[in-house]
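Okay, structure first, notes after.
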Amino acid sequence: MNKRTTLMLGLLLALFVLEPMVVTVNAQANGPNQPDMRRMPRYQRGNDGTVTIFTDIISIKANAEFPMFHFWYTNDQNGSFALFKAGYTTLIEFEDENADGAFQQDEVIQFASLSAYEWTLQVGTVEDNGLTTEIWLKYTKGAIKTYRVMAPHDPERPMLGTGAIETFEDVTLQIWAHVYLEDYSGEVVDSNGTRAYYLVEGGTELKMDIEIGNFPFSSETSMVAIQTHLHEGLSREDGNLLRHRFETRERNRNVTMTSDMNWNTEDGNETRFETMTGSDVQQIDMVDSITDVAQGFFRWVDTAVITWLGGEQEAVNVTASYVPYGTGLAVYLAYPNFDNGTLLHDPSIGVDENGTPLIGLLSEQVLVLGIGAVAIVALAAIVLRRR
């Protein structure tokens, strides 16, 4: 046997040794007929009242002061490469003067910053045979705060219309959010049956139920909007430079924006979101400008349900509009008049599993490959010494 053949046999032997190593690591991690405990969602509560939920893919921190979330990939330490923020900041009554079904600033009647109210943040789990299948959060709006602090992420230009903190004090508002272990299929149902379908991705998505009631409408035609602010966290890797861009997924266009853009230079400059056909779920992505990979998202079902006095339920359309304002993207979810009723709607935030940063993603496999590489080098050295 010549030296070349001997060397090749040594390398093949090393690869043969490597393959069972990978299988053994996976078997030890999961065990025979055992659930992968690393996939189960878990949470911790901070001394400041914040709640952080972890899965093997996404981490979500909920602010205790008002409904705001930070979210990032779990394997990306504290969001060094991709850190996103989403907050519900303002409750608005408006008159749809241009009849497009969406909100624009020059249509405001009255509004109130949600940070002006007390909020209760609860957390709990759902378990099945010792397996955590769901973690839920619930924000409940309370009375006016004794001290007034405006939300830190409100647009720099004050909103038009009349401030209505006292007027909206008795409005009931709950945001009940869920992270599931496995994919969850849901339906929007009213008294006439199923009106919309949606899928919540297990381990990567925080699905929310927003419920609004006891709203003091000024007229029979006025509407309600919730102002949502989407932000990118400052990337330490890039020296505090913004790394991501927003991209809408619309029927005839995908509009691209960045956090430092500002279209909010004149009243009523918000753009109506063109709903995608063939889908009940609409979406805005946060895309990595370097890799061109979609990572974070904000999505919503384009149908909500009004429950009227007496219990009858009616499905209604949800429209959206958006505008970048220099430090993020304002998204307005608009609902029709539901005087003497209660409205329920389903938006969500999350990360795309396919966009997971490679940092730490393959740590176990890298370790095993490292062991295999050592074996290859060692065997090769033995062969070479025999030359």
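Out of the stretch 192-229, which residues are among the β-branched types (Val, Ile, Thr), within 19 Å of residue 340 (Cα to Cα) and out of contact with any Leu (no Cβ under 8 Å at 6 or more places or on another chain)?
The answer is 221, and nothing else.
Just give me the residues in the stretch 162-182 being of a type in the set (D, E, K, R) and farther than 23 Å from residue 207 by Cβ, in sequence order.
Within the stretch 162-182, 166, 169, 170 qualify.
I need the full set of residues from the stretch 233-257 which are surrounded by 14 or more Cβ atoms within 10 Å (Cβ to Cβ) and at pLDDT 90 or above, in order please.
244, 245, 246, 247, 248, 249, 250, 255, 257
If I ask for residues that are closer than 18 Å to residue 222 by Cβ and among the hydrophobic types (A, V, I, L, M, F, W, C), which ones from the stretch 321-338 would you list?
Once the filter is applied, which keeps residues that are closer than 18 Å to residue 222 by Cβ and among the hydrophobic types (A, V, I, L, M, F, W, C), the stretch 321-338 yields 333, 334, 338.
What is the one condition in (1) buried (at least 18 other Cβ atoms within 10 Å of the Cβ); (2) within 18 Å of the chain's Cα centre (by Cα) that residue 188 does not satisfy?
The number of the failed condition is (2).
Condition first: among the β-branched types (Val, Ile, Thr) and in a strand (DSSP E or B). Now tell me which residues in the stretch 42-85 satisfy that.
Our first condition is that a residue be among the β-branched types (Val, Ile, Thr); within the stretch 42-85, this holds for 50-53, 55, 57-58, 60, 74.
Once the filter is applied, which keeps residues that are among the β-branched types (Val, Ile, Thr) and in a strand (DSSP E or B), the stretch 42-85 yields 51, 52, 53, 58, 60.
Give me the residue from the stretch 290-327 that is of a type in the set (D, E, K, R) and over 25 Å from residue 76 (Cβ atoms) and, out of that set, surrounded by the fewest Cβ atoms within 10 Å (Cβ to Cβ). It would help to see each step written out before you state the result.
Restricting attention to the stretch 290-327, the residues satisfying the condition of being of a type in the set (D, E, K, R) are 292, 299, 302, 312, 314.
Next, only the ones that are over 25 Å from residue 76 (Cβ atoms) stay: 302, 312, 314.
Details: 302: 22, 312: 12, 314: 17.
In this case the residue turns out to be 312.
State whether one or more residues within the stretch 79-93 are surrounded by fewer than 16 Cβ atoms within 10 Å (Cβ to Cβ) and either acidic (Asp, Glu) or touching a residue at least 40 places away in the same chain (Cβ under 8 Å) (or both).
No, the stretch 79-93 contains no residue that is surrounded by fewer than 16 Cβ atoms within 10 Å (Cβ to Cβ) and either acidic (Asp, Glu) or touching a residue at least 40 places away in the same chain (Cβ under 8 Å) (or both).
Looking at the stretch 104-133 only, could you name the residues that are of a type outside the set (Ser, Thr, Tyr) and farther than 30 Å from residue 94 by Cβ?
Once the filter is applied, which keeps residues that are of a type outside the set (Ser, Thr, Tyr) and farther than 30 Å from residue 94 by Cβ, the stretch 104-133 yields 122, 123, 124, 126, 127, 128, 129, 130, 131.
List the strands (runs of 3 or more DSSP E) inside the stretch 164-231, counting only whole elements, that have at least 3 residues being hydrophobic (A, V, I, L, M, F, W, C) and modelled with pLDDT of 95 or more.
172-180, 193-200, 205-213
Looking at the stretch 269-290, which of its residues are in contact (Cβ under 8 Å) with a residue 60 or more places away in the chain and either in a loop (DSSP other than H, G, I, E, B) or in contact with a Leu (Cβ under 7 Å, 6 or more places away or on another chain) (or both)?
Selection gives 269, 270, 273, 280.
The values are calculated or read from the model by the stated rules, or taken from the named source; none is laboratory data. What you see is a predicted model; the values in this text were computed from it and never measured. Here the Cβ is made from the backbone with ideal geometry for all residues, glycine too, and neighbour counts use every protein chain on show.
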